[in-house]
Amino acid sequence: MSMKVQTAVQTALRILIVAAIFYFSARTIVDPDLWWHLKCGIDICQLQKIALVDPYSFLSFDQKWINHEWLSETILGFIFLHFGWTGLIVFKSTIAMTTLFLIYKWLKHWQLDDFGMGMFLLLTAIFLSPATTVLRPHNISCLLFTIVLLLIRGSGSHPMRMWWLPLIFLFWINVHGGFIVGLAALFAWLFFKTFFGLISRSQAEKPPAYFWLILLSCLAALVVNPYGMELPQFIFQVSTMARPDISEWLPLRLLYDHGPAWALVFVVGIASICLSKKPKDPSLILMWLLFAFAPLLAVRHVQFFGIATTVLIGEHLVDLWQARQSATRTSDKWAVPDIIFVGASLITACLLFVFGIKFFVPPDFVATDDVPEGQAIALLKRAGAHGNMVVDFDWGGYAIWHLAPNVKVSFDGRREFVYSERATLANRVFTLGLGPWDAILQKFPVDIVLVKKDSPAFNLMKGKSDWTLTYEDDNCALFFPRQSEQGRQVYELLQQIPPERRGQVLKPALF
């Protein structure tokens, strides 16, 4: 391949890689947790204090609220108040691209060619996508986890940089519960490194003794938060709880979503370790195996596996890649595949940039697929609804965003961080129609019930003579007590909107 052809192909490839990374970083999906994260952050900014008692639910029983993401929510709230939706997307995209840039800089150490670099970064971006496509504090954990692993990898040549770790964990404990993953990585590395150092009886293999002091300093940093020891203790407790009703806490399915990519990378990773001619550090390999099996416990760990693969065993993957490279073509002429590749790459890159930029423009409305409860919430907002509302936990956040503080919900995505087992059970049996399903209606002053059309609670509510079905669409239904003045007002407002225009008038609002 001539220099001219090679330069054109490499330039097109670089542009395509940058465009793909930009798109993956900018792409944003509306997540149910976004709403209460934003609401909490805005309230902290406006009230200039952290709420220690939950103000959004009537089933939290005024118990202490351990908001383990208070700082990240404050950051999101501040950005939204001053820069709006576009500011949030820029912030999220910056975190994602910084994470990938750090990985890029690390891979550059191994003299990886452009095509290989692109494949590694795109694969990492795919593994990161569960976190980077949503506006959640989980994004920050991915960045901090990358920094922790890079500091570990650089500890041999720059050991004093490890003293940054306590400051990192001091920040991490206040932004997201993912600090426990970083702490596990640091402990596992120190343990394995010390163990293999003792076996080999080589002082050079053992980490310096003050590294353990750094670990203790990281543990001490965890209590520097508004809740003291309660926050890390609570995180350690809930991290072992089963959450069978949340998809991201279920085990990775090998034939769906990221399952095939995980299986491919795992097999290639094992092969690269076995075939690589690079020096092998058993402590790093064991660490990688820990993070490789983590998604089999909960799929939300797949992004940490992607990061760990490039940082912990990246040199072995690069060695395998370079050993399997095809021979370089020596012709000076443009070949048809070259022209097709350059043209297709540039066209694809343009499309990725265009579609990526669209995510920075705030939409007027949220797609009904993202918020199926949106029209019902819009109706309640127009009617000036107030009181206590029973709602599914997936819908509680959107209700808080639009209706708080006038309406208090029965449940939302904060789950065990706010609600007791008693409250969780009361909401669950109602939604599923189990046993004394309507106990929540009997024991608490409920003014509104918002249910999914495909839930058992919908049919059961229709059979209650003291409750009236006031509104329903394809996704949800609103019930009010039969003698409710508020229910009558909502019904009258609904009658003023022609049926053919209800979908247009009651569009789910973003703000």
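All but one of (1) touching a residue at least 40 places away in the same chain (Cβ under 8 Å); (2) more than 27 Å from Gly41 (Cα to Cα); (3) among the hydrophobic types (A, V, I, L, M, F, W, C); (4) buried (at least 17 other Cβ atoms within 10 Å of the Cβ) hold for Phe196, so report the exception by its number.
For Phe196, the exception is condition (4).
Starting from region 359-379, keep only residues that are within 13 Å of Val505 (Cβ to Cβ) and surrounded by fewer than 21 Cβ atoms within 10 Å (Cβ to Cβ), then list their pairs with residues that are modelled with pLDDT of 90 or more and among the aliphatic types (A, V, I, L, M) whose Cβ atoms are within a distance under 8 Å, requiring at least 6 positions of separation or different chains.
From residues that are within 13 Å of Val505 (Cβ to Cβ) and surrounded by fewer than 21 Cβ atoms within 10 Å (Cβ to Cβ), there are no pairs.
Does at least one position in region 401-413 carry a residue that is in contact with a Leu (Cβ under 7 Å, 6 or more places away or on another chain) and part of a loop (DSSP other than H, G, I, E, B)?
yes
Mind listing whichever residues of region 50-87 are more than 25 Å from Phe411 (Cα to Cα) and surrounded by fewer than 20 Cβ atoms within 10 Å (Cβ to Cβ)? Walk me through how you get there before you give the answer.
Filtering region 50-87 for residues more than 25 Å from Phe411 (Cα to Cα) gives 78-79, 81-87.
Phe78, Leu81, His82, Phe83, Gly84, Trp85, Thr86, Gly87 - these are the residues of region 50-87 that are more than 25 Å from Phe411 (Cα to Cα) and surrounded by fewer than 20 Cβ atoms within 10 Å (Cβ to Cβ).
So in region 226-284, with the set limited to residues that are among the polar types (S, T, N, Q) and part of a loop (DSSP other than H, G, I, E, B), which one is nearest to Arg153 (Cα to Cα)?
Within region 226-284, the subset among the polar types (S, T, N, Q) is 233, 237, 239-240, 247, 272, 276, 283.
Of the ones still in play, those that are also part of a loop (DSSP other than H, G, I, E, B) are 239-240, 276.
Values: Ser239: 27, Thr240: 28, Ser276: 18 Å.
Once the filter is applied, the top-ranked residue is Ser276.
Quick test for you: out of Leu441, Leu478, Leu434, pick the one residue that is surrounded by 16 or more Cβ atoms within 10 Å (Cβ to Cβ), at pLDDT 90 or above and not in a helix (DSSP H, G or I). Give the steps one after another, and end with the answer.
Details: Leu441 fails: not in a helix (DSSP H, G or I); Leu434 fails: surrounded by 16 or more Cβ atoms within 10 Å (Cβ to Cβ).
Among Leu441, Leu478, Leu434, only Leu478 is surrounded by 16 or more Cβ atoms within 10 Å (Cβ to Cβ), at pLDDT 90 or above and not in a helix (DSSP H, G or I).
Failed condition for Gln111, given (1) over 28 Å from Met389 (Cβ atoms); (2) outside any loop (DSSP other than H, G, I, E, B), with all others met?
Here Gln111 clears every test but (2).
Of these, Ile29, Ile44, which one is under 22 Å from the mean Cα position of the chain (by Cα), under 15 Å from Leu81 (Cβ atoms) and either at pLDDT 85 or above or not in a helix (DSSP H, G or I) (or both)? First the steps, then the outcome.
Values: Ile29 fails: under 15 Å from Leu81 (Cβ atoms).
Unique residue meeting the criteria: Ile44.
Can you pull out every residue in region 151-181 that is in a helix (DSSP H, G or I), farther than 20 Å from Asn67 by Cβ and not aliphatic (A, V, I, L, M)? Even if it seems obvious, please write down each step before you answer.
Keep residues of region 151-181 that are in a helix (DSSP H, G or I), which gives 151-153, 159-175, 179-181.
Right, trim to farther than 20 Å from Asn67 by Cβ and you get 151-153, 159-168.
Passing the criteria: Arg153, Pro159, Arg161, Trp163, Trp164, Pro166.
Out of everything in region 107-124 that is surrounded by fewer than 19 Cβ atoms within 10 Å (Cβ to Cβ) and hydrophobic (A, V, I, L, M, F, W, C), what residue ends up being nearest to Val265 (Cα to Cα)?
By that ranking, first place goes to Leu123.
I'm trying to understand the selection: among the residues of region 427-453, which are in contact (Cβ under 8 Å) with a residue 60 or more places away in the chain and aromatic (Phe, Trp, Tyr)?
Phe444
In region 476-493, how many are in contact with a Lys or Arg (Cβ under 7 Å, 6 or more places away or on another chain) and under 16 Å from Lys462 (Cβ atoms)? First the steps, then the outcome.
Of the residues in region 476-493, the ones in contact with a Lys or Arg (Cβ under 7 Å, 6 or more places away or on another chain) are 476-477, 493.
Filter once more, keeping what is under 16 Å from Lys462 (Cβ atoms): 476-477.
So the count comes out to 2.
Tell me which of these Leu286 doesn't satisfy, since it passes every other one: (1) at pLDDT below 95; (2) over 21 Å from the mean Cα position of the chain (by Cα).
Result: Leu286 passes all but (1).
Pairs please, first residue from region 210-237 and more than 11 Å from Leu167 (Cα to Cα), second anywhere and of a type outside the set (S, T, N, Q) and surrounded by fewer than 15 Cβ atoms within 10 Å (Cβ to Cβ), Cβ atoms under 7 Å, 6+ apart in sequence or on different chains.
Leu215/Phe187; Val223/Met229
Given the condition at pLDDT below 95, farther than 30 Å from Ile152 by Cα, under 24 Å from the mean Cα position of the chain (by Cα) and not in a helix (DSSP H, G or I), answer yes or no: does some residue in region 11-24 qualify?
The answer is no; no qualifying residue exists.
If you check Ala335, Ala349, which single one turns out to be surrounded by fewer than 13 Cβ atoms within 10 Å (Cβ to Cβ) and at pLDDT below 90? Don't jump to the end; show me each part of the working.
On the way: Ala349 fails: surrounded by fewer than 13 Cβ atoms within 10 Å (Cβ to Cβ).
From the options Ala335, Ala349, the qualifying one is Ala335.
If only one of Val409, Val429, Val418, Val490 is modelled with pLDDT of 95 or more and crowded, with 16+ Cβ neighbours inside 10 Å, which one is it? Reasoning before the result, please.
On the way: Val429 fails: modelled with pLDDT of 95 or more; Val418 fails: modelled with pLDDT of 95 or more; Val490 fails: modelled with pLDDT of 95 or more.
Going through Val409, Val429, Val418, Val490 in turn, just one is modelled with pLDDT of 95 or more and crowded, with 16+ Cβ neighbours inside 10 Å: Val409.
Quick check on my filter: what residues within region 47-75 are assigned to a helix (DSSP H, G or I) and either closer than 26 Å to Ala426 by Cβ or modelled with pLDDT of 95 or more (or both)?
Step one: list which residues in region 47-75 are assigned to a helix (DSSP H, G or I), which gives 47, 70-75.
Within region 47-75, Trp70, Leu71, Ser72, Glu73, Thr74, Ile75 meet the criteria.
Going by the conditions given, is Pro363 part of a helix (DSSP H, G or I) and at pLDDT below 80? If you could, list the steps in order and put the result at the bottom.
On the way: part of a helix (DSSP H, G or I): no; at pLDDT below 80: yes.
No: the conditions fail for Pro363.
The values are calculated or read from the model by the stated rules, or taken from the named source; none is laboratory data. What you see is a predicted model; the values in this text were computed from it and never measured. A quick note on method: Cβ atoms are made from the backbone with ideal geometry, for glycine too, and the neighbour counts reach across all protein chains shown.
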